[in-house]
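The values are calculated or read from the model by the stated rules, or taken from the named source; none is laboratory data. These numbers were taken from a predicted model, which means no experiment stands behind them. FYI the Cβ positions are ideal-geometry reconstructions off the backbone, even for glycines, and counts take in every protein chain you see. We work out accessible area using only protein heavy atoms, side chains counted, and drop any ligands, DNA or RNA first. Shrake-Rupley method; radii C 1.70, N 1.55, O 1.52, S 1.80 Å.
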Amino acid sequence: GDSGRLRQVVVNLGGNATVNGVLTFTSGTTTTGANTLTLGAAASVSRTSGHVVGNFKKPVATGSSVSRTFEIGDATRYTPVAVVFGSVSNAGSLQASTTSSEHPNNATSTINPAKSVNRYWTLTNTGTVFTNYSATYTFVSGDVDAGASTSNFIVGDYGGSSWTYPT
């Protein structure tokens, strides 16, 4: 039998999918392609290992200190993003994905492409009205350029046509 063997499960979505119960990651990846994996309003995530490769959408409820962690990465690396909203006055949703390369508009930023993280995250808000937020982006050492000092890193936010640099 297979007793004692570690299995890695890979799931590929053939269309958009919504989970309304507990989404359990034990190993492997769920790849969405152009589709989206959506967590329903009453759903939750339990993670031991594994993550979403592609678009992962979660609801954002009203309240203060509303947090959402997106269990995302690429085919081999787990690189989640955690977002905490200061105060949410209108519920909505937030979708996240990550790409393991330089941002395509990096040349117009103040970020040195030779001393940066070769990864970026895409966050898309739908309907959520909030006062402020903080985000924690997780990357792995293989994403960092040789000679780069993570203590010198800044975050750049590309809004479709220009960069801003939040504190």
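Scanning region 80-126 for residues that are surrounded by 14 or more Cβ atoms within 10 Å (Cβ to Cβ) and in contact with a helix residue (DSSP H, G or I) (Cβ under 9 Å, 6 or more places away or on another chain) gives Ser100, Lys115, Ser116, Val117, Asn118, Arg119, Tyr120. Residues considered: Val83, Val88. Of these, the only one that is touching a Lys or Arg at 6+ places or on another chain (Cβ under 7 Å), within 28 Å of Val60 (Cα to Cα) and in a strand (DSSP E or B) is Val83.
Against the condition touching a Lys or Arg at 6+ places or on another chain (Cβ under 6 Å), open to solvent by less than 40 Å² (accessible area, probe 1.4 Å) and among the β-branched types (Val, Ile, Thr), how does Thr38 come out, does it pass? First the steps, then the outcome.
Values: touching a Lys or Arg at 6+ places or on another chain (Cβ under 6 Å): yes; open to solvent by less than 40 Å² (accessible area, probe 1.4 Å): yes; among the β-branched types (Val, Ile, Thr): yes.
It is true that Thr38 is touching a Lys or Arg at 6+ places or on another chain (Cβ under 6 Å), open to solvent by less than 40 Å² (accessible area, probe 1.4 Å) and among the β-branched types (Val, Ile, Thr).
The lone criterion from (1) assigned to a strand (DSSP E or B); (2) surrounded by 11 or more Cβ atoms within 10 Å (Cβ to Cβ) left unmet by Ser49 is number (1). Within region 10-30, being part of a strand (DSSP E or B), open to solvent by 40 Å² or more (accessible area, probe 1.4 Å) and of a type in the set (Ser, Thr, Tyr) holds for Thr18, Thr24.
Yes/no per residue for (1) touching a Gly at 6+ places or on another chain (Cβ under 9 Å); (2) over 23 Å from Leu23 (Cβ atoms):
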{"site": "Thr69", "(1), (2)": "no, no"}
{"site": "Leu94", "(1), (2)": "no, no"}
{"site": "Ile111", "(1), (2)": "yes, yes"}
{"site": "Gly142", "(1), (2)": "no, yes"}
{"site": "Ser149", "(1), (2)": "no, yes"}
{"site": "Ser161", "(1), (2)": "no, yes"}
{"site": "Thr164", "(1), (2)": "yes, yes"}
